[in-house]
């Protein structure tokens with residue numbers, strides 16, 4: 001299959017495409033096809049190693065993703081792959097339980113040491129993040145830091161119950177990954193009476 005056909009079949013216009021995620025071609029062949037498609041305007045180069053199928057606005061100008069979308073795709077989630085999860089403070093901020101934060105903290109597979117890009121700080125994940133465990137890892141990160149904040153009890157408990165249901169958190173998942181997190185997570189489970197909701 002030619003590269004353009006593969007990209008159109010597997011990616012939406014405007015979605016960032018990381019060449020390292022494309023397993024089908026040898027490096028030289030991929031480079032040659034990519035260059036030809038860029039020259040013809042059939043794909044756009046966003047950054048080194050990152051491309052996209054053009055997406056046009058009503059004035060037929062190409063719409064490019066923001067830098068925040070790039071960072072999210074690079075370090076948190078892209079094309080069905082979970083690569084990282086947000087810190088407890090960021091999760092609580094996004095849920096409206098804490099004020100909006102000036103910096104965003106992410107734990108990710110994509111760095112080996114702490115890295116800063118703009119208002120984003122990236123840290124190595126405690127264990128490899130994937131489709132099966134990202135939910136429980138982000139939930140345990142949340143639980144292990146709850147006592148650091150002054151939070152409204154009922155709203156926080158409702159949020160935690162919702163996260164358990166949404167992410168399908170089970171007791172055996174918690175036991176499997178809890179050794180990567182501080183023991184304060186058990187205190188949070190007790191304080192917010194979460195045992196009945198962890199199946």
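First check a/c for the range 3-52, with a ≥ b ≥ c the square roots of the eigenvalues of its C-alpha gyration tensor; if it is under 1.5, answer rounded, and if not, answer prolate when a/b is larger than b/c or oblate otherwise.
It comes out rounded by the Cα gyration axes.
Please state the equivalent ellipsoid semi-axes for the range 78-177: what are the square roots of 5 times the Cα gyration tensor eigenvalues, largest first, in whole Å?
Square roots of five times the eigenvalues give 21, 19, 11 Å.
Using the Cα gyration tensor of the range 1-86, with a ≥ b ≥ c the square roots of its eigenvalues, what is the shape: rounded (a/c below 1.5), prolate (a/b larger than b/c) or oblate (neither)?
Verdict is oblate for the range 1-86.
Suppose only helical runs count, i.e. DSSP H with n ≥ 4. What mean residue ellipticity at 222 nm does that imply for the chain under -39500 (n - 2.57) per run, divided by all residues and rounded to the nearest 500 deg cm²/dmol?
Per the formula, -11000 deg cm²/dmol.
What FRET efficiency do you get for residue 190 and residue 81 if R0 is 41 Å and r is their Cβ-Cβ distance, rounded to the nearest 0.05?
Efficiency computed from Cβ-Cβ geometry: 0.75.
How high is the relative contact order of the range 65-119, in percent, with contacts defined as C-alpha pairs under 8 Å that are six or more residues apart?
32 percent
Between 142, 97, 24, which gets the highest mean-square fluctuation from a Gaussian network model of the chain, Cα cutoff 10 Å?
Between 142, 97, 24, it is 24 that shows the largest mean-square fluctuation.
Please identify, among 26, 155, 172, the residue showing maximal mean-square fluctuation in a Gaussian network model of the chain using a 10 angstrom Cα cutoff.
26
Run through the DSSP bridge list for the chain and note the antiparallel percent, rounded to the nearest 5.
The antiparallel proportion sits near 75 percent.
Between 73, 138, 150, which gets the highest mean-square fluctuation from a Gaussian network model of the chain, Cα cutoff 10 Å?
150
Over the Cα atoms of the chain, what radius of gyration and what Dmax do you get, in Å?
Reported Rg and Dmax, both Å: 20.2, 60.
For the range 3-52, what does the relative contact order come out to in percent, with C-alpha contacts under 8 Å and a separation of six or more?
Value for the range 3-52: 47 percent.
Using alpha carbon centroids, what distance separates the range 128-167 and the range 59-110, in Å?
Cα centroid of the range 128-167 versus Cα centroid of the range 59-110: 17 Å apart.
Readers should treat all values here as calculations from the given coordinates under stated rules, not as data from a laboratory. Computed from a prediction, not measured in an experiment: that's the story for all the values here. Methodologically, a virtual Cβ is constructed for each residue, glycine included, from the backbone with ideal geometry; neighbour enumeration extends over all protein chains shown.
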